[in-house]
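Inspection log for the structure reproduced underneath, given as structure tokens.
Bear in mind that the values in this text are calculations on the coordinates, not laboratory data. Just so it is clear, the structure is predicted and the values come from calculations on it, not from any experiment. Positions of Cβ are generated from backbone atoms using ideal geometry, with glycine treated the same way; all protein chains shown enter the neighbour counts.
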Amino acid sequence: MTTFKRKLNDDEKSEEISISIPSHLNSLLDEEKLFAFNPFKDWFQSIGKSMKKHDHYHIKSIEIQSVDLFGKAPKQKIGFVKFTASVTDKESNEHVPGIVFMRGGAVGMLVVLEPQDDEKDSKEGRKGDDRCVILTVQPRIPMGTFRMIEIPAGMVDEEGKFAGQAAKELEEECGLKIKEDQLIDLTELAYQHARKSLPQNEKGEGDDEDDNGKIGIYTSPGGSDEYLRLFLYKHSLPRSQIKEWEGKMTGNLDEGEKISLRVVPLKDLWKITKDAKALSALALWEGLKREGILDENDNSPPAKKE
């Protein structure tokens, strides 16, 4: 067992926390590598800031339990870290659950296809909302299935560029080459609107908490730090080309991805998938339009003059 100590924050009164790494992980992880893993570094800083505001909590120690590496040697990088933090509430002397599966941020993309009328459409006329959504179908072993239906998604890389990673994933999983500025960041728009619109006297406990810049949707905050940045991308193309994407095989083979595509009606998305990314993106998109943050063409309306 390797043990070292770190202060949670720069406060002189801040106590040092003992961090332990079991011997069987010494070849994979040490103090330098652990704090070079951005999700852990960011979490450590964030919880240190939170403790300044909530000093009745005490973190005695952190014990690393496992680490998973991604990629092939010698270019492997840390993908997941699991650890336990020994946390108590000093006022009640009660234990606070501190089991953490750490994986960091991820991106999800709601890709909406708008069919361009062909000759047949021009004669018969378009019927209702015929917009479609691209979904991926791939094995998701944690769910116990080889056919999980979800929107295109991926983990954020070390640089932490959300829009750039979203564009990269769209190319890998859907074959769409786009520019970052063609993506609409639904989570950032919603976050900015919420902070501006919530009256001070209606804020509850935690609303003023410094989230260290982590704008996103937290999928399982009781056990994981994972958060999602969700983007909207709209694209018009011939109806015949949309049909060609149905069943197309894609994915990054170097990362073990085996993905097929499905094209489904936008109006049916909510009842086709169990994917929280898809349902959250749909809810944010509809909410932003309802609040006037996005207009019917999904553009931000010009600011009103005072």
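Laid out as a table, the results:
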| item | result |
| --- | --- |
| Full-extension gain in nm, ASN9 to LYS177, via 0.36 nm per residue minus C-alpha separation | 56.2 nm |
| Evaluated over the stretch 1-59, the Cα radius of gyration and Dmax, each in Å | 12.6, 37 |
| J(HN,Hα) series, the stretch 27-43, from Karplus relation 6.51 cos²θ - 1.76 cosθ + 1.60, nearest Hz, glycine and proline x | 7, 9, 8, 9, 4, 5, 5, 4, 7, 8, 7, 3, x, 6, 4, 5, 4 |
| Nitroxide proxy distance, nm - points 7 Å out along Cα→Cβ at GLU291 and SER20 | 4.5 |
| Restricting the stretch 41-91 to trypsin sites (Lys or Arg not before Pro) in coil, as DSSP defines it, with at most 11 other Cβ within 10 Å | LYS72, LYS75, LYS90 |
| Pairs from LYS41/LYS168; LYS49/LYS267; LYS5/LYS77; LYS41/LYS271 whose Cα-Cα separation, in the structure shown, is over 31 Å | LYS49/LYS267; LYS41/LYS271 |
